Amino acid sequence: MEIGVFTFADVRREEGGDPARRLRELIEEIELADEVGLDVYGVGEHHRPEFAVSTPAVVLAAAAARTTRIRLTSAVTVLSSDHPVRVFQEFSTVDLLSGGRAEIMVGRGSFIESFPLFGYDLRDYDALFAEKLELLLHVRETGATPGGHEVLPHPLQDPLPVWVAVGGTPESAVRAGALDLPMALAIIGGLPERFAPFAELHRRAARQAGHAEPRLSINSHGYIAESSQRALDESFPYVSEAMNRIGLERGWSPMTRADYDAAATLRGANFVGTPEEVAEKILFQHEIFRHDRFLVQFTIGGIPHEGILRSIELLGREVAPAVRAKLGES
């Protein structure tokens, strides 16, 4: 199983929301993830003041020069409000800089700020994604636009990996499978086993289209410390503030400490606890999903840099080896 980290590069309000500082820290976090043997680092795209990254490819290009083996992916690229040709060029460039370690994770986006920012109509939310994914895959397959214009530079990888990020839409899982694309399934609340049908829809659609079983990633929130209590106590104030702020926009019930503690139990959605508890939970979910990649987000709400570095170190040096040993991997 590949194990890695993803981030939206949340800025810290108590530090004045300094994006320059946060970006410097982010590169340090990616370097550490590479050093401790993690497989993947993902950087998400947002256009809101609480996040530092609006252009993942730029950050990943900087990280490419400072790392040697870790795969570098967006998490996600909001394809509906971007241009697929330009996206392919950007990630082909990252692929060249990194020696063939770039990936694109595309999605429709859980936030909508990019639509008015780039002049798109929200009423076209679904149609735009389908149309632009088709164009991206055409460029990847042929190296040219439908009009015959060559798209440069060419990546080292052939094909350049493209994943589809899915939240709670069955149709998205079916589309990814039918197109022979791996799926990243986001689970940030509720009972994880309730998401098992999405994995089955993805695999069934691939089989029906004549494809081999596609790859699956589970992407979740988490935080790791030497004790469960410390992990919960340190992360809860930041995570709850961020989730409750978003919840005001979306009509969610406020997150309580009891909710947070429950989500950290074995059958909950969050990977908050000791290295042993996190490893156990990854293996528990592997029995449900049979996934071959797991990515965790440690940075929610601007958790301090020192805690993020510790979580990355424990994930790479303790959690990942334990999981791989249990699954019979080297």
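Here, each number is a calculation from the coordinates, and none is a lab measurement. The model shown is predicted, which means the values in this text are computed figures rather than measured ones. Using ideal geometry, Cβ is built from the backbone for each residue, glycine included, and neighbour counts are taken over all protein chains shown.
Residues of the stretch 234-243 include none that is under 24 Å from Arg310 (Cβ atoms) and surrounded by fewer than 12 Cβ atoms within 10 Å (Cβ to Cβ). In the stretch 267-293, the qualifying residues are those that are in a loop (DSSP other than H, G, I, E, B) and among the polar types (S, T, N, Q), and the one that is surrounded by the fewest Cβ atoms within 10 Å (Cβ to Cβ) is Thr274. Taking the listed residues Ala178, Ala196, the one that is over 30 Å from Pro254 (Cα atoms), of a type in the set (Gly, Ala, Ser), touching a helix residue (DSSP H, G or I) at 6+ places or on another chain (Cβ under 8 Å) and surrounded by fewer than 20 Cβ atoms within 10 Å (Cβ to Cβ) is Ala178, with no other qualifying.
Restricting attention to the stretch 302-328, the residues that are surrounded by fewer than 20 Cβ atoms within 10 Å (Cβ to Cβ) and of a type in the set (Gly, Ala, Ser) add up to 4.
A residue that is touching a Lys or Arg at 6+ places or on another chain (Cβ under 7 Å) and buried (at least 19 other Cβ atoms within 10 Å of the Cβ) occurs somewhere in the stretch 97-105.
Residue-level analysis places Ala33 among those that are in contact with a Phe, Trp or Tyr (Cβ under 7 Å, 6 or more places away or on another chain), of a type outside the set (Val, Ile, Thr) and farther than 24 Å from Leu152 by Cα. Does the stretch 150-164 contain at least one residue that is free of Cβ contacts under 8 Å to residues at least 60 places away in the same chain, surrounded by fewer than 15 Cβ atoms within 10 Å (Cβ to Cβ), out of contact with any Leu (no Cβ under 6 Å at 6 or more places or on another chain) and among the hydrophobic types (A, V, I, L, M, F, W, C)? There is no residue in the stretch 150-164 that is free of Cβ contacts under 8 Å to residues at least 60 places away in the same chain, surrounded by fewer than 15 Cβ atoms within 10 Å (Cβ to Cβ), out of contact with any Leu (no Cβ under 6 Å at 6 or more places or on another chain) and among the hydrophobic types (A, V, I, L, M, F, W, C).
Taking the conditions exactly as written (within 25 Å of Val239 (Cα to Cα), crowded, with 17+ Cβ neighbours inside 10 Å and of a type outside the set (Asp, Glu)), does Gly44 satisfy them or not? Yes.
Considering (1) in contact with a strand residue (DSSP E or B) (Cβ under 7 Å, 6 or more places away or on another chain); (2) closer than 24 Å to Gly42 by Cβ; (3) not charged (D, E, K, R), the lone condition that Tyr238 does not fulfil carries the number (1).
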